[in-house]
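No lab work stands behind these numbers, since they all come straight from the coordinates. Predicted model, so just to flag it, every value in this text is computed and none were measured. Every residue, glycine among them, receives a Cβ derived from its backbone with ideal geometry; neighbour counts consider all protein chains shown.
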Amino acid sequence: MKKFKIADREIGGDAPAYVIAEVSCNHEGDIKEARRIIEAAARAGADAVKIQTYTPETMTRDFKSKPEGTIWENTDLYSLYAKAHTPWEWSFELKELAENLGMHLFSSPFDETAVDFLVDELKVSVLKVASFEVADTKLLEKMAKTGLPIIMSNGMTDYLEMAEAVEILRKNGCSDLALLHCNSGYPAAFAEANLKTMQAMEGLFDTVVGVSDHTLFMDHKNCEQPMAHITPVEAVRMGAKVIEVHLMMDREHGRQLFEKDEGGYDWPFSMEPDELKKMVDMIREFERTGNVFYSDEEEAIAGLVRGQVTFEPTEKEKNSRKLRPSLWCVKDVKKGDALKFAAEDKEHGNFDSIRPGGGLHVRFTDFIEGQKASRDIKAGEPLDWDMVGV
């Protein structure tokens with residue numbers, strides 16, 4: 001059985017499932033709230049907490065683009081990330097708190113500068129590839145070259161994209177990898193969890209596997225009847241060794257903020273502390289005894305989440321795919337100017353991998369680098385083939 005270590009903690013093999021509580025934007029811009037979430041995660045029995053490392057500028061540009069077809073479609077991306085990001089300077093205090101409470105703290109970087117920050121300054125022991133960033137092949141290269149263990153979610157990907165990402169990570173030095181099956185519908189339906197895909201991934205990619213979960217409600221369209229623990233518990237029963245869930249202190253408060261576009265952006269798929277504790281307790285009971293004590297209603301839902309093996313995005317995930325990073329022109333370029341990747345040279349670079357989609361896939365970066373612009377290009381234009389080469 002595959003296994004590796006994150007700091008002093010064994011992952012995979014016969015080790016207990018590694019439970020990660022994702023803070024994400026649920027701190028609502030208040031470091032005290034971030035601390036409360038981390039303390040609640042520790043009380044519930046989580047092994048780690050995760051944050052996200054980006055700024056609006058490292059994630060996108062102020063293009064006024066909106067994520068249509070998603071729960072965030074009423075907010076332009078730049079404004080969304082301005083409200084939702086975690087200030088990088090918080091990271092040191094939050095990591096110290098988590099470690100004092102017996103947990104790891106790590107993060108998902110969303111660009112190359114965030115990787116440098118996490119590795120060189122924060123000194124994390126593992127990195128996380130968020131589902132959207134599976135498409136950012138240059139970021140994957142950067143992360144793999146750190147030599148740290150990597151946990152990667154596969155939300156929205158098809159099989160070929162996932163296989164490409166795994167190959168890039170391994171080719172660039174990542175030997176310790178966990179793949180998390182993920183449905184990036186927000187929130188996701190229990191019937192679309194398809195946990196059998198997780199089991200197939202273990203055999204296909206020879207990795208530790210787990211689940212990054214966004215299911216929460218029996219009625220996922222109206223966000224009613226929470227049953228947040230079912231998918232993670234069932235995943236562990238089916239072999240998951242890593243579980244990641246979102247955590248917030250008060251979901252109803254988050255919903256109210258969301259309705260006013262003041263925050264709460266992850267409320268429909270975030271557990272509350274008592275739900276996290278119930279999930280952890282049930283997982284640990286299964287690991288001790290081999291038993292899961294479901295009610296008849298819970299057993300019926302567990303049957304739904306097992307699903308089938310599938311490596312295609314759901315209809316809801318197809319809308320989310322539009323938000324994945326692609327190549328955009330970020331400075332005005334004159335015809336005949338050399339195209340230079342900004343992630344490697346922020347001062348002189350004129351195209352970059354940023355959100356949303358619409359530009360060329362990031363996998364073409366190395367080919368485009370150094371080519372001449374075939375016409376004038378304005379900053380804020382998605383890169384296309386008719387702009388490359390004279």
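Points worth noting:
- E33 paired with N291, simple spin-label distance in nm, labels 7 Å along Cα-to-beta-carbon: 4.1
- Virtual spin-label span in nm between D384 and K318, 7 Å along Cα→Cβ: 2.2
- Distance between modelled label sites at D120 and E262, nm, 7 Å Cα→Cβ extension: 4.0
- FRET efficiency estimate (nearest 0.05) - Cβ-Cβ, E89 to H348, R0 30 angstrom: 0.65
- Helix 196-205 vs. the chain, principal-axis angle (Cα, 0 to 90°, nearest 10): 60
- Length gained when the stretch E99-R9 is fully extended (0.36 nm per residue, less Cα-Cα span): 31.1 nm
- Restriction of the GluC sites (Glu not before Pro) in region 327-390 to DSSP coil positions whose beta-carbon has at most 11 other beta-carbons within 10 angstrom yields E347.
- For the set K128/K221; K128/K277; K50/K241; K138/K241, the pairs lying more than 20 angstrom apart at their alpha carbons are K128/K221; K128/K277; K138/K241.
- Ellipticity estimate at 222 nm from DSSP helix runs (n ≥ 4, -39,500 (n - 2.57)) divided over the chain, nearest 500: -9500 deg cm²/dmol
- Trypsin sites (Lys or Arg not before Pro) restricted to region 134-184 and DSSP loop, no more than 16 other C-beta within 10 Å: K145
- For the chain, DSSP calls about 30 percent of its internal beta bridges antiparallel.
- Alpha-carbon centroid distance for the pair region 125-165 / region 267-342, whole angstrom: 14
- Each peptide in 2-11, 21-30 gets a packing score, the mean of other Cβ atoms within 10 Å over its residues, and the list from highest to lowest is 21-30, 2-11.
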